[in-house]
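Structure first, commentary second.
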Amino acid sequence: MKSRYEVFVSRDSFKFNAAHFIAYKGFRERLHGHNYRVSVRIEGPVGNDGYVIDFGDIKRAARDVCNRLNERFLVPMRSDVITIEVGDAQVKMVCEDGTRFAFPLADCVLLDIVHSSAEELAAFVCMQLREVLPVLHERCVVALEVGVAEAPNQEARYRIDL
Ligand code: ZN
């Protein structure tokens with residue numbers, strides 16, 4: 001019989017407040033913001049110390065990612081409908097409908113995503129955590145899942161098998 005354990009971490013400190021708008025062909029939301037919440041689920045075997053993984057490692061990594069996103073405008077760098085120009089001090093965006101935005105670069109976070117949806121943000125956070133947590137591999141973790149909630153009870157999840 002093969003068994004697996006799962007740990008789930010969701011803390012008050014796993015949060016970021018950010019502005020964004022979703023844009024895709026023929027549609028653009030107005031600029032608005034959310035108080036995002038992040039949660040992390042990790043599945044794997046229990047080590048000989050009785051843990052799947054040290055909660056402290058997850059907490060540190062999740063807080064760091066949240067801090068990078070906090071109080072920023074989320075720029076979806078791979079958008080197929082927004083023309084984005086990153087200068088020394090400004091990020092300029094021209095949308096399909098002709099709308100123009102310019103934000104200070106320091107107020108933005110440039111993300112390698114197509115849309116700043118909760119789904120794609122969850123994928124972004126998940127990949128970041130995988131990158132900064134070699135301990136996942138060391139502990140033979142089999143799956144990593146990240147939830148990003150835009151509002152209470154409105155959450156997207158992204159999961160990778162490791
Ligand atoms: Zn939104």
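None of the figures in this text is laboratory data; all of them are computed from the coordinates on show. Everything numeric in this text was worked out from a predicted model, so none of it was measured. With ideal geometry, Cβ positions are generated from the backbone for all residues, glycine too; neighbour counts draw on all protein chains shown.
Straight-line cross-link partners of Lys2 among the aspartates and glutamates, defined as a Cα under 18 Å from its Cα and at least 8 positions apart when in the same chain: Glu43, Asp161.
Where does the charge balance sit around Ala156 when Lys and Arg score +1, Asp and Glu -1, over other residues with C-beta under 12 Å from its C-beta? So the environment of Ala156 carries a net charge of -2. Ordered by the count of other Cβ atoms within 10 Å of each Cβ, fewest first, Asp12, Asp80 give Asp12, Asp80.
Regarding the chain, what's the average projected area of the Cα-atom convex hull, expressed in nm²?
Taking a quarter of the hull surface, the average projection is 10.7 nm².
Bridging of Lys15 to lysines at a Cα separation below 18 Å is possible for Lys59, once same-chain residues fewer than 8 apart are set aside.
Taking the DSSP bridge list for the chain and keeping only pairs wholly inside it, about 85 percent are antiparallel. Relative to the longest principal axis of the Cα atoms of the chain, the long axis of helix 118-132 makes an angle of roughly 50 degrees.
Nearest 500 deg cm²/dmol is fine: what mean residue ellipticity at 222 nm does the chain get from its DSSP H runs of n ≥ 4 alone, each adding -39,500 (n - 2.57), divided by its residue count?
My calculation for the chain gives -6500 deg cm²/dmol from helical runs alone.
When you filter the trypsin sites (Lys or Arg not before Pro) in region 1-51 for DSSP loop state and at most 14 other Cβ atoms inside 10 Å of their Cβ, you are left with Lys2, Arg4, Lys25, Arg30. Rounded to the nearest 10 degrees, the inclination of helix 55-69 to the longest alpha-carbon principal axis of the chain is 0 degrees.
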